[in-house]
Each structure stands twice: as C-alpha cells, then as structure tokens.
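The values are calculated or read from the model by the stated rules, or taken from the named source; none is laboratory data. Everything quoted here is computed from the prediction, not taken from an experiment. Positions of Cβ are generated from backbone atoms using ideal geometry, with glycine treated the same way; all protein chains shown enter the neighbour counts.
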Amino acid sequence: MFKPISDLVKSLQKDSQELLTNRYKIGNLVGKGAMGQVYKAFDTNNNDTVVAIKFLSQALLDSKMRDRFQKEAKISALLGEQSDHIVRVKDYGVDDSQVPFYVMEYLEGYDLDQLVKKKPLSFPKFLSLIRQICLGLECAHNGILVNNELAPIIHRDIKPSNIFLAKDEKGGHFVKILDFGIAQIHNPDESLTQKSFMGTPEYCSPEQMAEDELKATSDIYSLGVLMYQMLTQQTPIKAEAHNFQSWYKAHNEFPPKKLPTYLELPKDLDDLIMSCLHKSPARRPQNIREILKVIIPLDREYNSDGEINQKSQEASSALLPINTVYRQSFWPQDKPQKKIVFPNLVEAQEGAFSSLWSMLESDEVLHFQPKSTFCFTHFMFQATPHPMILWVNLLYNRTYEPKWLPCYLDLKTDIGAQISTNLISQKKYHILLFELGHPSGYKQKLTVNVASEKLKQLQNFLLKASSWQGEGQPEGSKIILKKQFESVKKTILAAVARAK
C-alpha cells in the first residue's frame, strides 16, 4: 500500500529532522493541480535554498501517469535551461513510498487566472505579458533532442492558470509557463496523432478536440483564446453546455466573437488575434515569430515610458529585414576595436539570427569575400568544471592564409544558451567582418549553413548542460578547450584543404 501524500508530507513536516530523500525539508502546501500537489521546501544541500516540490497525485499512481509525470519533469528541465519564461526544474526523484516528485524553482506571485478575474488587463500590461508568453512558447516549439532528432514540444494546455506571474525587480510581472504534464513531443519516429483527448476544452483547438495531429498552430489557437480573455475577461467562443460534446461543437462550428470596438485596438493586433482563432490551422499564424512581429513593436511603443536611448533604437531595427539591420549595424561601443571575435543575437523581420562579429586587418577582410570563401564550422564542448562550447570557424580561401575565428559560448549565461538554441532553430548564422579602425559598418558578410550532424551535436551539448550543477568556473573550461583546440587545428585544416 502507498502512503497517501498528505500523510507522507505531514510526517516530514512533523519531524523537522526527517528529510525527503535525505535532502529536502518540506514546508506548506502552495498549490494543487490535476496531476499533483506542490509544496514549498528547503534544499539542505544548498544552504536551505527555497524550492517548490511537486508530488504526483495519489490517484494517478499507475505506470502510465508515472511516465507522463517523469516526461513533464524532463521537458521542463530542458526547456527551463533554454528560456527564462519556462519554469525551471532542478531535480527528479521517488520518495520512500514510491511517490514520484520533482523539484523546481520557487516563485513568488500568482497565476494569470487570478489577475484576469479581477479586471481586464490594461493594453500595456497585456502587451508585456503576451510578449513573454510568446518567447516561452517559441522556445518549446523549437524543441528538444529526441533520438538524435530535434522534436518540437506542443504544450496542449495554454490557459490563464498555467501562466505564472512572478514578481520582477521593478515591481512588474515576469512570466513563467507552467505544467507541461500533457505536452506532446513530436518524436520523428512516432505518429503525431493524439492517442486520446487531453486538455482544457474551453481553450482547445478544433483539431485537438478531434484528437487529430497537432502542430504549433494548435497552441497558437489556445493563445488566441487567452489573448481575447486577457482583454475582455471573456472567451471568444461559448459552448451550449459544459461537456466535451458541446465544446467540440463550439470550437468546430461557432465563429469567435469579434473583439469589442471600445477597446480601440490597433487593426494589426485585432486581425492577429482573430487569425489565431481560425478554425483551419493553415489560416492561423504558422509560428510564434509571426505573432511577435506584431507584439514586439507595440510593446516597445506602449511600454517605453517615452524614453529614447541607444538600446531602444537598436531594438526598433527588429522591424526591418535582416540585411537592412546588418547594414545599419555599428561596432559596439563597449567592445574594443581590436582583432577579437564575439557572438551576437540580432532581431529582424525574419526572426532572430545568431552572428559572429570580428575585426580584421584591411587586407584580411578583402581576402574573405562570400563567393570565394569556404567557412568550416566546428563545435567543441567541455562539461566540467563548467558547461562551455568553443565555437570554431575556419575561413578558407586557397589563395590566402586561412583565418581562425574561435568564440566561447557559456551555456549557463542567457546569451550563450540563446545563441546555441537559435543556431539549432535557424540552422544558419552570419559572420560580419569589420575593418580595423573603421567601426561604422561591416565590410564582408558571410552566411553559413549548419550541417544536421552539427545541430544534433549542439542539442546534445545543451542537454548535458541542463543537468549540470555546481559553482561556475568558466575559465577552467576555457583553458581545457583552448588546449584541445590547439591539438586539432592541423587535423581540421588538412581535412578542409583536401575537401576543397
């Protein structure tokens, strides 16, 4: 017999010396969901850091639900490392009574459902929250590695109670997407069709209600319902009764209500929300980036407080095509005008793009023109003492001396993780070559496509980095990687010369 979770927790709470798996001191109940209960706890192995622990519900203790619960922990752990807008999972285990649990970051705040029930959101607040929700969803849709293939994650339960609003340093709200318990992994080796319906009918797409194949457009439909509700406190579609059959009919047959004219929404936003609610997946935005193209400029307009600075000017360039963004780029003032290499993430009309920026001597810049230059990409990884990638680029032209452009990506920093994730999703990047003493614009731009085996390699590095725990020692890994790089230089150069 399993000991009920309530009895288990009470015994741990009563005896302050008794710890869950000899590590976690259990505190008060802080939340309940369909799959389990969440308790505040303290990590005694980490200076009593406050964490949240989710136990699988006693009524769901069968092998199928255990597997789903473990999958939720795995998905959240991987995605939480790649996006600040997805709740971060730190540990998974089974207690003495064979009840599965996982440990996640402890968040102060409340969910979006509580906020929406009080009153409709102001337009600036709506834009800020939707932008953050979209960034988290985009990360999930970009996917994780399954059987050495990149597999998108479809959340399947986007609704207000699964959007947590944590307090940020400025007194605002920082979004965390919760509950990947019914998320669907697009495993390339399996059918994408749902085995049975799961979700919250009020927010489900027609194809989810029909148990058909799901893509990112299904989450986008749910996001459309969410956006409508945030602005009006109502959902755009009403069922005749609160049962599955009625909701199935409503989502498949009833047109969504128009947004009230008193909201005076910009036309492109009104059109966007209604397009998310289209019955046909093909007529909705096909990815989150299409939604962000509308949301980001509005968010900047309504949440900038009238301040115009260099950062906001640079951000506004995201509305332009990528080639225009690059043409208007300058060597950053915070970077020395030396022969250095650094990574950059650039926002543009087509999406975000990873890039490498470097300054070279004038003659070197002239040597490496796009039509005559081959760029060889090589990734090296060091897990300990710190998860670090050495991103090596070799510019090769038979006529001239080859040029190495090595760059480190610290996977425990936002920029390192974002650059790596973006390389995987975009499958290409750009190299901008600036001339020493002339920071006003690049002289050469090279576009590099990343081979599929390199993308799998990168995803594997991110997977390994997600399970890393310890004190940051990036310099230690840099030293190791630099030695390894020097030892393989000749081998790489010989292989490139033979191939070309």
Checked the stretch 403-424 for anything under 12 Å from A465 (Cα atoms) and surrounded by fewer than 17 Cβ atoms within 10 Å (Cβ to Cβ); matches are K412, T413
Looking only at the stretch 77-132, how many residues end up being part of a loop (DSSP other than H, G, I, E, B), at pLDDT 85 or above and of a type in the set (S, T, Y)? 2
Checking the conditions here, which among S246, S222 is under 15 Å from Y203 (Cβ atoms), in the same structural domain as P206 (by TED's automatic domain parsing), out of contact with any Lys or Arg (no Cβ under 6 Å at 6 or more places or on another chain) and without any contact (Cβ under 8 Å) to a residue 12 or more places away in the chain? S246
Pairs with Cβ under 7 Å, 6+ apart, first in the stretch 113-140 and over 17 Å from S218 (Cα atoms) and without any contact (Cβ under 8 Å) to a residue 40 or more places away in the chain, second surrounded by fewer than 20 Cβ atoms within 10 Å (Cβ to Cβ) and of a type in the set (S, T, Y): none
Selection over the stretch 422-447 where residues are part of a loop (DSSP other than H, G, I, E, B) and farther than 12 Å from Y326 by Cα yields a count of 4
Answer with yes or no whether F353 is surrounded by fewer than 20 Cβ atoms within 10 Å (Cβ to Cβ), under 31 Å from the mean Cα position of the chain (by Cα), touching a residue at least 40 places away in the same chain (Cβ under 8 Å) and in a strand (DSSP E or B). no
Single condition S354 does not satisfy, out of (1) farther than 30 Å from E290 by Cβ; (2) in contact with a strand residue (DSSP E or B) (Cβ under 9 Å, 6 or more places away or on another chain); (3) of a type in the set (S, T, Y): (1)
Flagged in the stretch 59-76 as charged (D, E, K, R) and not in a helix (DSSP H, G or I), in numbering order, are D62
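A quick yes/no check of all residues on (1) over 30 Å from E301 (Cβ atoms); (2) within 22 Å of the chain's Cα centre (by Cα); (3) not assigned by TED's automatic domain parsing to the domain that holds T21:
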| position | (1), (2), (3) |
| --- | --- |
| Q82 | no, yes, no |
| V87 | no, yes, no |
| G93 | yes, no, no |
| D96 | yes, no, no |
| Q114 | no, no, yes |
| K118 | no, no, yes |
| S122 | no, no, yes |
| S128 | no, yes, yes |
| H141 | no, yes, yes |
